[in-house]
Structures are given as structure tokens and as C-alpha cells.
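The values are calculated or read from the model by the stated rules, or taken from the named source; none is laboratory data. It should be emphasised that the depicted structure is a prediction, and the values quoted were computed from it without experimental measurement. Every residue, glycine among them, receives a Cβ derived from its backbone with ideal geometry; neighbour counts consider all protein chains shown.
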Amino acid sequence: MLFEVRGCLLQDALKRRLSLVFSPLGFFVEGREFFGDGRALLFQGRYPDAALAFQRAKEVGSEDYENLGMAQLSLAQGNYDQAIAYLLKRSGGQKIAIDRYWLSAIYSAKGDREKALATMQEALALGFRDFAAVDGSPYFASMRSDPRFQQLLSRYRH
């Protein structure tokens, strides 16, 4: 990847951050930064590097970011039950909108329409409103033609 970030390649910048907890300037690197790095690596298809970034998030004190990232990585790899386990571990039994969205995506990808609808309903009731994410997600492709899914989304869009 050849994106410039302050005079160095993005790939080099990510490698440096993955190997350090403190930046060269002495600033503490937080879990959400490793999570962001992991997501970038995930989108590039660099799954082992993404897993490492998510694990580093835990090492600097954010098991929630590790579990959310590993759930997304597991989903991308088609390991649906493992993805669900990571999300349920993350929320500690609490219902969180973003977790319910990702559970819905996992259930949809897994082919479980009823659970996908139920967890999307929960996500929306908890305040999830990123309809661009829903519309653009390949995990909801099979749900888009379902009238119940269409009705559910339209109820909250406006």
C-alpha cells in the first residue's frame, strides 16, 4: 500500500505502531488506535496482521476493542460462531447498539434471518442509525429483499 503518512508509507507506520505501546514522541497509544489499525488491515485482507493489532488493543487495556475487532475478523473469515462468541464476551451481557448491529450482520451472513431481524431491531431500538453501513454491508445482501427487513429499516430512517 503506498499511502503517504507524514513522509512514510502507511504500511511502515502501521508496523511501527504494532510494535510499540508508546509512540516515538512519548504519547500513549490507546486501544482504539490499535482497533483502527486492525480495521484498516482487515479491509486490506491482511488477517494475521489485523489479529495482531486487535490483540495489541487488549495489551494496552482494551479487551472490548480486541473482542469487537476479533468478531469482525471472524465474520470476514466466515467463522460465524466464533464471531458471535467474541461479541457476547465483549458486551458482558449488556445490550450495546453497535454489538447488536454486528450480531445482526453475523446472523444474516450465517443465513439465520429471524435472529438477524431480531438483533437489527434491538440495534435500532438502542439508537443505531448508521444506515449507510447497513446499506453497504455485503453481510446484509440476502436480507435486502426481505419485506420485513425493508419495513424495519424504513421505520427508523425517518
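Only one entry of Ala109, Ala118, Ala50 meets the criterion of being closer than 17 Å to Arg155 by Cα and touching a helix residue (DSSP H, G or I) at 6+ places or on another chain (Cβ under 9 Å), and that entry is Ala118. Here Ala133 qualifies as outside the structural domain of Leu41 (by TED's automatic domain parsing) and closer than 19 Å to Ala40 by Cα. Exactly one residue out of Arg39, Arg32 is within 14 Å of the chain's Cα centre (by Cα), at pLDDT below 85 and under 25 Å from Gly136 (Cα atoms): that is Arg32.
Residues that are at positive phi and in a helix (DSSP H, G or I) within the stretch 34-67 are absent altogether.
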